[in-house]
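> The following block contains the structure, expressed as structure tokens.
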Amino acid sequence: MKVLVTGGAGYIGSHFVKLLSEKGYQPVVLDNLSRGHREAVPKNIHFEDIDLLDAGSLSYFIQTQMPSVVVHFAAFAYVGESVEHPDRYYQNNVVGSFNLIKVCAENGVKNFVFSSTCSIYGNPSKVPISEDQPVQPINPYANTKLMIETLLKDFEVSSGLKSISLRYFNAAGADPSGIIGESHNPEPHLIPIVLQTALSKREKVFVFGNDYNTKDGTCIRDYIHVNDLADAHLKSLEYLINGGKSNVINLGTGKGNSVLEIIEKAKAITKKEIPFEIVSRRIGDPAILVADNMKAKNLLGWIPKYSVEKIIETAWNWHSNPKF
Ligand code: UDP
């Protein structure tokens with residue numbers, strides 16, 4: 001079965017492409033390589049350097065390939081950048097996704113899996129967060145993701161394009177093979193920053209605030225392994241193909257770890273010093289984000305397998321010897 005993967009050269013997309021190949025699916029990758037890495041996609045996989053803003057090339061590509069499912073990862077995903085450059089985010093994420101959804105609808109593609117985010121819940125009033133909590137994004141990045149979820153709902157009515165929007169919590173870790181992993185430039189995420197500090201590539205970790213209403217005062221997040229995310233995409237695709245209805249689904253482990261806990265665990269795993277300094281809060285960071293993942297378990301039969309220790313271990317394996 002042919003599966004079109006946009007952003008397949010990116011962090012989560014490349015792990016999903018690897019899983020698809022291992023399971024006998026035929027991935028076809030679209031990536032404009034603005035933030036992805038060509039090396040992340042094996043040479044034997046069909047790869048096209050097409051930008052979703054190039055509606056003509058995209059339309060030709062979909063018409064000639066006619067995938068059974070589209071799995072859409074391609075997006076800009078830095079909250080801070082989205083605040084400074086909302087134009088980039090609305091253009092790349094919303095217009096690009098609109099072009100893709102429109103061409104899928106016009107050409108009779110029936111199944112679509114979308115990378116959404118838990119940040120569309122904004123500052124949640126209840127934790128753990130279930131899908132029926134109100135969506136109230138507090139930055140342009142999250143606004144773009146919510147708009148795309150809305151586009152998918154509207155296009156389903158007119159064309160029958162079914163979709164699963166997967167609202168990820170904090171993606172982290174790397175494939176245990178060490179062949180692919182997380183490589184962002186600049187790197188805003190906690191676990192890579194902590195491990196780069198263990199490797200002395202950074203002097204210290206700046207901990208953004210220790211005056212939150214949490215057990216140690218630092219923010220709590222639900223870190224979910226990238227291969228568990230990839231597995232949820234596969235299960236979503238199979239669910240849709242087997243006649244499942246459109247839905248939105250949270251993907252997290254249901255367990256939270258504070259920033260200081262991550263640093264402590266990383267110290268134990270790497271056996272390195274990890275100096276840190278407490279600095280002021282980062283704007284827009286909610287105190288606690290932890291998923292209620294019952295819907296993913298019940299609907300998809302998805303159970304995350306990697307502990308936070310395993311997440312740090314696999315990330316350490318990658319960051320100690322990154323391939324790109
Ligand atoms: N964080 C931090 N220092 C850093 C990077 C992140 O203290 O250099 C904190 C951040 O405030 C948040 C958590 O680590 O509470 C996870 O941040 P990340 O950027 O990895 O993911 P986000 O939760 O923003 O999606």
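Derivation of every value follows stated rules applied to the coordinates shown; laboratory data play no part. As the structure is a computational prediction, the values presented were derived from the model and not from experiment. Here the Cβ positions follow ideal geometry from the backbone for every residue, glycine too, while neighbour counts run over all protein chains shown.
> Could you run through the range 25-65 and say how many residues are in contact (Cβ under 8 Å) with a residue 60 or more places away in the chain and assigned to a helix (DSSP H, G or I)?
3
> So in the range 29-65, with the set limited to residues that are of a type in the set (A, V, I, L, M) and farther than 24 Å from Asp231 by Cα, which one is surrounded by the fewest Cβ atoms within 10 Å (Cβ to Cβ)?
Of the residues in the range 29-65, the ones of a type in the set (A, V, I, L, M) are 29-30, 33, 40-41, 45, 50, 52-53, 55, 58, 62.
Then drop every residue that is not farther than 24 Å from Asp231 by Cα, which leaves 50, 52-53, 55, 58, 62.
Working: Ile50: 18, Leu52: 24, Leu53: 14, Ala55: 16, Leu58: 22, Ile62: 20.
The residue in question is Leu53.
> For Gln133, which of the numbered conditions (1) part of a helix (DSSP H, G or I); (2) out of contact with any strand residue (DSSP E or B) (no Cβ under 7 Å at 6 or more places or on another chain); (3) among the polar types (S, T, N, Q); (4) more than 27 Å from Glu277 (Cβ to Cβ) fails to hold?
(1)
> Could you figure out which of (1) of a type outside the set (A, V, I, L, M, F, W, C); (2) touching a strand residue (DSSP E or B) at 6+ places or on another chain (Cβ under 9 Å); (3) surrounded by fewer than 20 Cβ atoms within 10 Å (Cβ to Cβ); (4) within 26 Å of Val17 (Cα to Cα) isn't true of Thr117?
All conditions are met except number (3).
> Same structure again: When you check Asp292 against the structure, is it loosely packed, with under 15 Cβ neighbours inside 10 Å and acidic (Asp, Glu), yes or no? Steps first, answer last, please.
Working: loosely packed, with under 15 Cβ neighbours inside 10 Å: no; acidic (Asp, Glu): yes.
No: the conditions fail for Asp292.
> I need the full set of residues from the range 194-228 which are β-branched (Val, Ile, Thr) and farther than 24 Å from Thr117 by Cα, in order please.
Within the range 194-228, Thr197, Val205 meet the criteria.
Residue by residue, here is whether (1) in a strand (DSSP E or B); (2) buried (at least 16 other Cβ atoms within 10 Å of the Cβ) holds:
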position: Pro67; (1), (2): no, yes
position: Phe76; (1), (2): no, yes
position: Gly80; (1), (2): no, no
position: Val83; (1), (2): no, no
position: Gln91; (1), (2): no, no
position: Val95; (1), (2): no, no
position: Ile101; (1), (2): no, yes
position: Cys104; (1), (2): no, yes
position: Val113; (1), (2): yes, yes
